[in-house]
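See structure below.
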Amino acid sequence: MIRIYMQEFSGEKGRRKHEVEHVTGRHLLDRVLKKDYGVESYRIEQESQGKPWLPSHPEICFNISHSNNLAVCAVGQVPLGIDIERIRPFNDNLLRKVLSAHEQELFEEKMSQDERQTLFFKLWTLKESFVKADGCGIRIPLGKISFSFGQDGQIWCNQKQYNFWQKEVENGYLISLCWKGERQEQVLLE
């Protein structure tokens, strides 16, 4: 089971905004580790590629993301990554830089500006969640990771060892979760 916790925080700007985002994410992790695992004291280290982990509890995997005053923390027992973004206008030049040829074709279909924004952030957050779960960061070209969507909400990716979950939440935010492994995991958004 993978649990996702969300928390809003105040709208700060500049350096203060970064500090508040960081503190909010850590507060969520503290709460989850204590509530779900009984862990009250821990240290975070980084793997060689920069992925954070808990050396005293290597069986617990976590990831944190934040965007425009909303933070999320995902915790489970499989390698995972999470991303959250508020759906908003984006620069069309990004399409060629981060989308696969198949994904670029999706944008060539006639759709409204709102639909284009939603599709872009669906793809962007999925890619971000993948690179965070894999631990590679954005060192690989994002266009090599390609997604498509089924009518039933299923998400397919050319990275076969991974599973994906996605949900649009209040106020136009989109959360994407990726985890490594063959089996489906139950995802709870709390």
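Averaged per residue, the chain has 55 square angstrom of accessible surface, using a 1.4 angstrom probe with ligands and nucleic acids left out.
Of the peptides 63-69, 103-109, the ranking by mean beta-carbon count within 10 Å, highest at the top, reads 63-69, 103-109.
Report the calculated FRET efficiency for Trp156 and His57 (r = Cβ-Cβ distance, R0 = 35 Å), to the nearest 0.05. Calculated value: 0.60.
Straight-line cross-link reach from Lys160 at under 29 Å between alpha-carbon atoms covers these lysines, not counting any fewer than eight positions away in the same chain: Lys51, Lys97, Lys122, Lys127, Lys132, Lys144, Lys180. Output the DSSP H helices from the chain with an along-axis C-alpha extent of no less than 18 Å and a mean Kyte-Doolittle hydropathy no less than -1.0. Counting only whole DSSP H runs, the qualifying helices are 113-134.
For segment 70-78, backbone phi angles converted through the Karplus equation (6.51, -1.76, 1.60; θ = phi - 60°) give residue-by-residue couplings of 9, 10, 9, 9, 10, 9, x, 10, 10 Hz, Gly and Pro being listed as x.
Counted residue by residue at 0.36 nm each, then reduced by the alpha carbon distance between them, the extension gain from Arg31 to Phe149 reaches 39.1 nm. Ranking Asn91, Ile140, His102 by how far each Cα lies toward the positive end of the dipole of the chain (charges on Cβ) leaves Ile140 at the top. Measuring from label point to label point, each 7 Å out along Cα→Cβ, what is the Glu168 to Gln104 span in nm? The two pseudo-label positions are separated by 2.6 nm. In a reduced charge model with +1 at each Lys and Arg Cβ and -1 at each Asp and Glu Cβ, segment 1-97 shows a dipole moment near 300 debye about its Cα centre. Placing +1 on each Lys and Arg Cβ and -1 on each Asp and Glu Cβ, with no other charges, gives the chain a dipole about its Cα centre of roughly 480 debye. The helix-based estimate of mean residue ellipticity at 222 nm for the chain, built from -39,500 (n - 2.57) per DSSP H run of four or more residues and divided by its residue count, is -10500 deg cm²/dmol to the nearest 500. Please report how far the C-alpha centroid of segment 168-190 lies from that of segment 7-79, rounded to the nearest whole angstrom. That distance is 16 Å.
The values are calculated or read from the model by the stated rules, or taken from the named source; none is laboratory data. Note that this is a predicted model, so its numbers are computed, not measured. As a convention, Cβ positions derive from the backbone with ideal geometry for all residues, glycine included, and neighbour counts pool all protein chains shown. In case anyone asks, the SASA skips ligands and DNA or RNA and just uses the protein heavy atoms, side chains included. Shrake-Rupley method; radii C 1.70, N 1.55, O 1.52, S 1.80 Å.
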